[in-house]
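Asks: Dropping the structure in here first, questions after.
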Amino acid sequence: MTKQTTEKEWPLWEVFIRSKAGLDHKHCGSVHASDAEIALESARDVYTRRSEGISIWVVPSNAITASKPEDKESLFEPADDKIYRHPTFYDIPKGAGKM
Amino acid sequence: MTELNKVNALVQYAAQIGDNGLIIGHRMSEWCFRAPSIEMEMALMNCALDLIGQARELYTYAGEAGGEGKKEDDFAYLRDEQDFRNLLLAEVPNGDWGDTIVRLFFMSAYNKLFFTELAKSTDAELAAIGAKSLKEVTYHLRFSSEWLIRLGDGTEESHRRAQKSIDDLWAYTGELFTMTDAENLLLEDGISVDVTALKADWDELVSQILDQATLSVPTNNWAQSGSKSDGRHTEYFGYIITDMQYLQRRYPGCEW
Amino acid sequence: MYGDTSIQKPIKIAEPTSAEQAKLEEIFQQKIDDDIKIEPQEWMPAAYRKTLVRQMSQHAHSEVIGMQPEGNWLTRAPSLRRKVILLAKIQDEGGHGLYIYSAAETLGTSRAEMIEQLQSGKAKYSSIFNYPALTWADMGTIGWLVDGAAITNQVALSRGSYGPYSRAMIRICKEESFHQRQGYELLLTLSKGTKEQKEMLQESVNRFWWPSLMMFGPNDANSPHSAQSMKWKIKKKSNDQLRQEFIDATVPQAEFLGITLPDPDLKWNEERGHYDYGAIDWEEFGNVINGNGPCNKQRIANHIKAHEDGAWVREAAAAYAEKQQKKQVA
């Protein structure tokens, strides 16, 4: 067949973009690139064609550690009943002023 | 031939810088669906859009400066081959990825120096175009330099190919630093850029990247020229114009 | 224990027993019914994964192969304005292909595998791109009809159940809204032009009308996977529903252009509140999908050539990266 069968595919990089100053970088997709510089340029050429960004992060996909979906209950549900962490839990009389 | 004055020299000058953008942009657009990866295709098309965009602004300004009501498309579609004064480097065929990268690299290194100076032109419009274009070509230089380094310092095959591209295209780089009569005339008023003065910096920039790419600078400096000064093109050029102008020529005076 | 979880490879879990399997499927279907998006690492039926990969790779291939008919006119665009519009539009298609490949890769199929399937003919792409772009008017017609049909489809897909696909579709729909408009504007210009331009317009629409209707796929009665895909909310509307929506939206636009659509049976049905239309030539559709269209061979040959011509470049970059890594370690 063609050369492609023996060729090792370029690694995958996850792309995160800050859309404007003051906002967090947000995941928006991925690119294949041989190295970080090419990944950065590709991310720029692919994901910021309509002025979507002012800053880009690229991260090798295999460098990301993710939580497992089946751990969802044990990881996240314990937070659900800690309602005293939210400001609305507390009744403060109006007279006390803005708090 | 009409005698050169400051008006038609300015028209010629703006159009000629525009010609470089249009022709190299046109060449890059020929890569559509032919690049080594989609990511790289996107990159080339971004470059093409920048370069054709520059041409549009420059043609529009040339039309205004001429005072004859010419529009951007009059320059692109209704001039004959010999009226185009782009650099030969802009029009030679794309070749392989190496040839395309080397051409873009030589051209972008030149453009970066050139637009830096044009941004200081006493002509406010040219200065503004220069400043805007500078940002675009700075990215083109970065993109092409990074690729040249990877080709030069990649595999044996890529090194051999990249060196051949450099050797093949080298003869077209001499023309970058030649002055036309129009440029000399406009230089008196600080409108045009003295491109002869860019050569030393260009050599420095090029040898620095070639060095990083483990490639060597050719030693034969015999230069091809004739397009920028007299509209004497390569044989390839006629086909570009034939393609580009076909509809405008076949159906004259239509809106599209 | 979470260090082994990558975001791109599906987690290997032990084969569930049939009872467990049934339970998992029930939970899965409940999520779908509750409109909770499915995300890459979550358990999903193997058939759901397979259907998605097939549909997404087809979709991505369509975007990428779709660059060819339009790319055919890039160097001949009749004004600089049209030239940059066309270039930007084709570039978007490459971008959209990439967004979808990227989303499909979250299901554990690499882009290299998908591309190999495209080149070997195992994976399909939209039949429409096997028709040639022969005149400048085709650049308008493709935007108006082909992108119009695609958008009708994609708006529905953006509400689909798989998170990465749905997000990619939202982005794509946002970007594509200019595609149909630029095409229609191009055709409007022709419609106001010379006799020759008007003829060019009509001739182009004549060629593209029926193939555009075929883009929605076989009639519902002959679309075997549709019911399951609808249940999984991979598809939100049936082929015939979408086709009808497209026709209803398009007929008035054709009237505004002052052209006719090449279907003598096309007429408003007051009772249904829709346009009736004539029979689609499914034999042609089947042939074009299966390799016998006017451009199938050319499209794939071009794709293979670009891929092979670029191999030394991709290898060079990989070799460079490896050298740099070694230097860093040393």
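The values are calculated or read from the model by the stated rules, or taken from the named source; none is laboratory data. All of these numbers come straight from a predicted model, not from anything done at the bench. Heads up, the Cβs are rebuilt from the backbone with ideal geometry, glycines too, and the neighbour counts pull from every protein chain shown. Keep in mind that these areas ignore ligands, DNA and RNA; they rest on the heavy atoms of the full protein, side chains included. Shrake-Rupley method; radii C 1.70, N 1.55, O 1.52, S 1.80 Å.
Asks: Pick out the one residue from C:R299, C:R314 that is free of Cβ contacts under 8 Å to residues at least 40 places away in the same chain, within 14 Å of another protein chain (Cβ to nearest Cβ) and closer than 30 Å to B:T100 by Cα.
Replies: Of C:R299, C:R314, the one residue that is free of Cβ contacts under 8 Å to residues at least 40 places away in the same chain, within 14 Å of another protein chain (Cβ to nearest Cβ) and closer than 30 Å to B:T100 by Cα is C:R314.
Asks: So A:K98 ticks every box in (1) exposed (fewer than 14 other Cβ atoms within 10 Å of the Cβ); (2) within 13 Å of chain C (Cβ to nearest Cβ); (3) not acidic (D, E) but one. Which box is left unticked?
Replies: Going through (1) exposed (fewer than 14 other Cβ atoms within 10 Å of the Cβ); (2) within 13 Å of chain C (Cβ to nearest Cβ); (3) not acidic (D, E) one by one, A:K98 breaks only (2).
Asks: Taking into account only those residues within the range C:69-81 that are open to solvent by less than 10 Å² (accessible area, probe 1.4 Å) and either over 26 Å from C:G293 (Cα atoms) or assigned to a helix (DSSP H, G or I) (or both), which is farthest from the other protein chains (Cβ to nearest Cβ)?
Replies: Among those that are open to solvent by less than 10 Å² (accessible area, probe 1.4 Å) and either over 26 Å from C:G293 (Cα atoms) or assigned to a helix (DSSP H, G or I) (or both), it is C:P69.
Asks: Working carefully through the options C:L107, C:L145, C:L98, find the one that is crowded, with 24+ Cβ neighbours inside 10 Å and more than 14 Å from chain B (Cβ to nearest Cβ).
Replies: On inspection, the qualifying residue turns out to be C:L145.
Asks: Name, by its number, the condition in (1) open to solvent by less than 40 Å² (accessible area, probe 1.4 Å); (2) under 30 Å from C:I85 (Cα atoms) that does not hold for A:R18.
Replies: The number of the failed condition is (1).
Asks: Output the number of residues of the range C:18-46 satisfying the condition of being more than 26 Å from the chain's Cα centre (by Cα) and aliphatic (A, V, I, L, M).
Replies: 4
Asks: I'd like the full set of residues that are surrounded by 14 or more Cβ atoms within 10 Å (Cβ to Cβ) and out of contact with any Ser or Thr (no Cβ under 8 Å at 6 or more places or on another chain), limited to the range C:40-51.
Replies: Correct list: C:E42, C:W43, C:M44, C:P45, C:Y48, C:R49.
Asks: So how many residues does the range C:253-301 have that are under 25 Å from the mean Cα position of the chain (by Cα) and farther than 26 Å from C:N222 by Cα?
Replies: Counting residues in the range C:253-301 that are under 25 Å from the mean Cα position of the chain (by Cα) and farther than 26 Å from C:N222 by Cα gives 7.
Asks: Still on this model: Does C:K326 fit the bill of being within 10 Å of chain B (Cβ to nearest Cβ), over 25 Å from C:N222 (Cβ atoms) and in a helix (DSSP H, G or I)?
Replies: Against the criterion (within 10 Å of chain B (Cβ to nearest Cβ), over 25 Å from C:N222 (Cβ atoms) and in a helix (DSSP H, G or I)), C:K326 does not qualify.
Asks: Which is surrounded by fewer than 22 Cβ atoms within 10 Å (Cβ to Cβ), under 15 Å from the mean Cα position of the chain (by Cα), in a helix (DSSP H, G or I) and among the aliphatic types (A, V, I, L, M), of C:V84, C:V155?
Replies: Checking each option against the conditions leaves just C:V155.
Asks: Being buried (at least 16 other Cβ atoms within 10 Å of the Cβ) and at pLDDT 95 or above is true for just one of A:D24, A:D45. Which residue is that?
Replies: Step by step, each of A:D24, A:D45 is checked, and only A:D45 is buried (at least 16 other Cβ atoms within 10 Å of the Cβ) and at pLDDT 95 or above.
Asks: Quick check: anything in the range C:91-98 among the acidic types (D, E) and without any contact (Cβ under 8 Å) to a residue 24 or more places away in the chain?
Replies: no
Asks: Output the residues belonging to the range B:219-248 that are surrounded by fewer than 16 Cβ atoms within 10 Å (Cβ to Cβ), touching a residue at least 40 places away in the same chain (Cβ under 8 Å) and either more than 24 Å from B:Q82 (Cβ to Cβ) or within 14 Å of chain C (Cβ to nearest Cβ) (or both).
Replies: B:N220, B:N221, B:Y236, B:G238
Asks: Further, regarding this structure: Take the residues in the range B:14-38 that are in a helix (DSSP H, G or I) and facing chain C (nearest Cβ under 7 Å), then tell me which one is farthest from B:F84 (Cα to Cα).
Replies: Looking at residues that are in a helix (DSSP H, G or I) and facing chain C (nearest Cβ under 7 Å), I get B:I38.
Asks: Considering each residue of the range B:175-199, count those that are within 17 Å of B:Q16 (Cα to Cα) and either free of Cβ contacts under 8 Å to residues at least 12 places away in the same chain or open to solvent by less than 60 Å² (accessible area, probe 1.4 Å) (or both), and give that number.
Replies: Total satisfying the criteria: 17.
Asks: Looking for whichever is outside any helix (DSSP H, G or I), open to solvent by less than 10 Å² (accessible area, probe 1.4 Å) and more than 14 Å from chain B (Cβ to nearest Cβ) here; the options are C:I234, C:I128, C:I172. Which one fits?
Replies: C:I234
Asks: Additional query: Which condition number does A:L40 fail, the rest of (1) in contact with a helix residue (DSSP H, G or I) (Cβ under 6 Å, 6 or more places away or on another chain); (2) more than 7 Å from every other protein chain (Cβ to nearest Cβ); (3) under 28 Å from B:L148 (Cβ atoms) being met?
Replies: Answer for A:L40: the failing condition is (1).
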